């Protein structure tokens, strides 16, 4: 991606259950120089990976599978001091008060915008 933010030296975890969004996001991050962990399609996979890894940043979908938005991973990342952003189709009103300062990117979004936002984390 010409003109994109340089993410060399960053390790970015992608937590997203939509195969196409996950693979496109991971490819865009890699093309900007990031080492990509995942993508993880389930909360369980993400928790397991986070037991052994400490990424520089995380791109987190709020709805992994059925059942609506979930915030356990966001809270875990906050406790560990790992910067992250939400990549979601949900409106901001669903985000709990303690997480309202987390950047929220609204799907659909240009991959360039995701890369730039990760570069700021």
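Regarding residue 27, is this residue within 24 Å of residue 97 (Cα to Cα) and in a helix (DSSP H, G or I)? In short, no.
Taking residue 47, is it under 14 Å from the mean Cα position of the chain (by Cα), touching a residue at least 24 places away in the same chain (Cβ under 8 Å), assigned to a loop (DSSP other than H, G, I, E, B) and under 24 Å from residue 9 (Cα atoms)? It is false that residue 47 is under 14 Å from the mean Cα position of the chain (by Cα), touching a residue at least 24 places away in the same chain (Cβ under 8 Å), assigned to a loop (DSSP other than H, G, I, E, B) and under 24 Å from residue 9 (Cα atoms). Please verify whether segment 105-112 includes one or more residues that are in contact (Cβ under 8 Å) with a residue 40 or more places away in the chain, over 16 Å from residue 18 (Cβ atoms) and in a helix (DSSP H, G or I). Checked against the condition, which is being in contact (Cβ under 8 Å) with a residue 40 or more places away in the chain, over 16 Å from residue 18 (Cβ atoms) and in a helix (DSSP H, G or I), segment 105-112 yields at least one hit. The set of residues in segment 85-95 being surrounded by 11 or more Cβ atoms within 10 Å (Cβ to Cβ) and not in a helix (DSSP H, G or I) consists of 85, 86, 87, 88, 89, 90, 95. Please specify each residue of segment 54-70 satisfying the condition of being loosely packed, with under 13 Cβ neighbours inside 10 Å and closer than 26 Å to residue 10 by Cα. 54, the sole residue that qualifies. Exactly one residue out of 23, 8 is loosely packed, with under 14 Cβ neighbours inside 10 Å, over 21 Å from residue 106 (Cα atoms) and modelled with pLDDT of 95 or more: that is 8.
In the set 73, 82, only one residue is within 15 Å of residue 14 (Cα to Cα) and in a loop (DSSP other than H, G, I, E, B); that residue is 82. All conditions in (1) touching a residue at least 24 places away in the same chain (Cβ under 8 Å); (2) at negative phi; (3) touching a helix residue (DSSP H, G or I) at 6+ places or on another chain (Cβ under 8 Å) hold for residue 17, with the sole exception of (3). Collect the residues in segment 50-70 that are in contact with a strand residue (DSSP E or B) (Cβ under 6 Å, 6 or more places away or on another chain) and outside any loop (DSSP other than H, G, I, E, B), keeping them in residue-number order. Passing the criteria: 57, 58, 59, 60.
When residue 22 is tested against (1) part of a helix (DSSP H, G or I); (2) within 25 Å of residue 91 (Cα to Cα); (3) out of contact with any strand residue (DSSP E or B) (no Cβ under 7 Å at 6 or more places or on another chain), only condition (3) is not met. All of (1) out of contact with any helix residue (DSSP H, G or I) (no Cβ under 8 Å at 6 or more places or on another chain); (2) crowded, with 17+ Cβ neighbours inside 10 Å; (3) at pLDDT below 95 hold for residue 2 with one exception: (2).
The values are calculated or read from the model by the stated rules, or taken from the named source; none is laboratory data. In this text the structure is predicted, and so the values were computed from the model without any measurement. As a convention, Cβ positions derive from the backbone with ideal geometry for all residues, glycine included, and neighbour counts pool all protein chains shown.
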